[in-house]
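Single-structure report; data block below.
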Amino acid sequence: MRVKSLSAAALLAGSAAAFPYQNEAVLSGKPANQEKAAAVKEAFQHAWDGYIKYAFPHDELHPVTNGYGDSRNGWGASAVDALSTAIVMGNQEAVQTILEHVATIDYTRTDSQVSLFETTIRYLAGMLSGYDLLKGPASNLVSDESLVDNLLNQSKNLADVLKFAFDTPSGVPYNNLNISSQGNDGATTNGLAVTGTLVMEWTRLSDLTGDPEYATISQKAQSYLLDPQPSSGEPFPGLVGSNIRISDGQFTNGYVSWNGGDDSFYEYLIKMYVYDPKRFESYKDRWVLAAESTIKHLQSHPEPRPDLTFLTSYNDGNYDLSSQHLTCFDGGSFILGGTVLGRQDFIDFGLELVNGCEATYNSTLTGIGPDSWGWDPSRVPSDQKEFYKKAGFYINSGYYVLRPEVIESFYYAHQVTGNEIYRDWVWNAFVAINATCRTDSGFAAVTNVNAKYGGSKDNNQESFLFAEVLKYSYLTHAEDNEWQVHAGDKNTFVFNTEAHPFAVAHT
Ligand code: DMJ
């Protein structure tokens, strides 16, 4: 079935009119929507077939020209990033292809500069998650056990290639690496997110292999972020600066946000607690501080639309009234933290953030939200005055590059509240993406979400289309399962920042 063939009226019927601003029925036992789940599977198959035909084993498809790119070291990023989605969809053929491919990767060789962060969240996490799922609840999918064991061997091989990055005077790693020369780009600082979004993957690797080194070096790097020095690096309790000096682990500024560059540091604080509440209680304490400070200092309501909530960024007494698609993971983080800790105030605030991010989708011509926007009354572009008055924000960048964060937070809202409206919002976003970004071979980024047809198509299909957009869209409509996010504190899987589900630790 092609989603395009469904009428908009049929798709949108069922959307409740009022914003559900309370915690409703729990999800467990809620029936799947088979038809919509199948439509998302069809989209995955479409993109997978195009990738296999025109781009495999390269990193990503160029979906307009039917070519390929190697922006992620040339090891087949889309294949590895697609693995956990193919598993949860039960797509045996794709899983087999990916496992056979992983067995052929030589992680010691690449011509590119390697990003420690991107390689960790996409490749290392893709393989570890595949291992957790195929050794656990999806063990029926693969008969050749050696291919599954190889996921862990290759995870270790990759980490052994990358681990020299942590070999610095402080233990704060370099991010941009030359793996042939064991060199780096000469940076003197590292960013908050790229430093603080390694600990889940590297700890999981240690827990699975029994070799403590990976956990030790990643937790050492993280230790500077949990105890920020000097005090100017923590302008509000729990909210920290964006850059850390590699020589001594000191923060070099007090610029605070949940935007790209900072984002997944906060995401991992609470997720590490979900992963193992015994070992990572102090991470949770830092997340709680950050969450409370965020509610107190960073929430902002646009003048023409006081009903909307966005997060500002802060620097040296000044607030910047702008936000990003990347930031929209924030609702999901508050909802997860709220449900795990039994804090209704966090869930409620998370739902407000979700509502704000949804407004960036429902205000545009395509039904997809922009990459960045602002709501500073003194900076409204002259050609967006009317749009700003109605929508409550103006568009800074109208690109949509197949990012997942808005759908991701809708997913958490749905799983935790059980409220159907969030499932409808996921579906609306999926339908809009399918209608606007789909090409003959896959899905393309678009240049202007507030123009007819999304402006023009940009010739790239990021691997996170497979890992995240299609996974969250699918899981929202699929049957309940062990790997799904659930309300409460009994989750048995936790998703890394690239949506790869990790089995939680048994300690
Ligand atoms: C993904 O690689 C991850 O979600 C990361 O945390 C942020 N950037 C992209 C998606 O936008």
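Scanning the range 158-177 for residues being closer than 18 Å to T188 by Cβ and in contact with a helix residue (DSSP H, G or I) (Cβ under 6 Å, 6 or more places away or on another chain) gives a total of 8. I need every pair where a residue in the range 80-99 that is farther than 19 Å from Q484 by Cβ has its Cβ under 6 Å from the Cβ of a residue that is in a helix (DSSP H, G or I) and among the hydroxyl-bearing types (S, T, Y), sequence separation at least 6 or different chains. Final answer for the pair search is V80/Y123. In the range 477-498, the count of residues that are more than 16 Å from the ligand (Cβ to nearest atom), in contact with a His (Cβ under 7 Å, 6 or more places away or on another chain) and not basic (K, R) is zero.
Taken over the range 381-432, the criterion of being among the polar types (S, T, N, Q) and more than 14 Å from the ligand (Cβ to nearest atom) is satisfied by S382, Q384, N396, Q415, T417, N419, N428. The set of residues in the range 284-297 that are within 22 Å of the chain's Cα centre (by Cα) and touching a residue at least 60 places away in the same chain (Cβ under 8 Å) contains only R286. Looking only at the range 116-129, residues that are out of contact with any Asp or Glu (no Cβ under 7 Å at 6 or more places or on another chain), closer than 16 Å to L151 by Cα and within 15 Å of the ligand (Cβ to nearest atom) come to 3 in all.
Scanning the range 282-318 for residues that are outside any loop (DSSP other than H, G, I, E, B) and of a type in the set (A, V, I, L, M, F, W, C) yields W287, V288, L289, A290, A291, I295, L298, F310, L311. Residues in the range 62-99 that are under 23 Å from F502 (Cβ atoms) and not aliphatic (A, V, I, L, M): 13 in all. The residue of the range 435-472 that is farthest from Y400 (Cα to Cα), among those that are among the small types (G, A, S) and either within 14 Å of the ligand (Cβ to nearest atom) or buried (at least 24 other Cβ atoms within 10 Å of the Cβ) (or both), is A467. Let me confirm something: among S223, S247, which residue is assigned to a helix (DSSP H, G or I) and over 18 Å from A125 (Cα atoms)? The match here is S223. When the range 191-206 is filtered for residues that are away from the ligand (no atom under 16 Å from the Cβ) and touching a strand residue (DSSP E or B) at 6+ places or on another chain (Cβ under 9 Å), only R204 remains.
Only residues that are within 16 Å of the ligand (Cβ to nearest atom), touching a strand residue (DSSP E or B) at 6+ places or on another chain (Cβ under 8 Å) and either over 16 Å from L298 (Cα atoms) or not aromatic (F, W, Y) (or both): list them for the range 229-269, please. Selection gives S242, S257, N259, G260, G261, D262. For the range 270-291, the condition holds for no residue, the condition being that it is polar (S, T, N, Q), at pLDDT 95 or above and within 16 Å of the ligand (Cβ to nearest atom). Could you check, for the range 244-263, whether at least one of its residues is acidic (D, E) and under 24 Å from S372 (Cβ atoms)? Scanning the range 244-263 turns up at least one residue that is acidic (D, E) and under 24 Å from S372 (Cβ atoms).
Taking the range 96-142 as the range and being in contact with a His (Cβ under 8 Å, 6 or more places away or on another chain) and surrounded by fewer than 24 Cβ atoms within 10 Å (Cβ to Cβ) as the test, no residue passes.
Within the range 100-115, can one find any residue that is among the small types (G, A, S), in a helix (DSSP H, G or I) and within 16 Å of the ligand (Cβ to nearest atom)? Checking the range 100-115: not a single residue is among the small types (G, A, S), in a helix (DSSP H, G or I) and within 16 Å of the ligand (Cβ to nearest atom).
Set side by side, the residues F334, F329, F346 differ, and just one is at pLDDT 95 or above, within 23 Å of the chain's Cα centre (by Cα) and within 16 Å of the ligand (Cβ to nearest atom), which is F329. For the range 278-300, filtering for residues that are hydroxyl-bearing (S, T, Y) and either in contact with a Pro (Cβ under 9 Å, 6 or more places away or on another chain) or over 17 Å from P235 (Cβ atoms) (or both) leaves 3.
The values are calculated or read from the model by the stated rules, or taken from the named source; none is laboratory data. Keep in mind that what you see is a predicted model, and the values were worked out from it rather than measured. All Cβ positions, glycine included, derive from the backbone under ideal geometry; neighbour counts span all protein chains shown.
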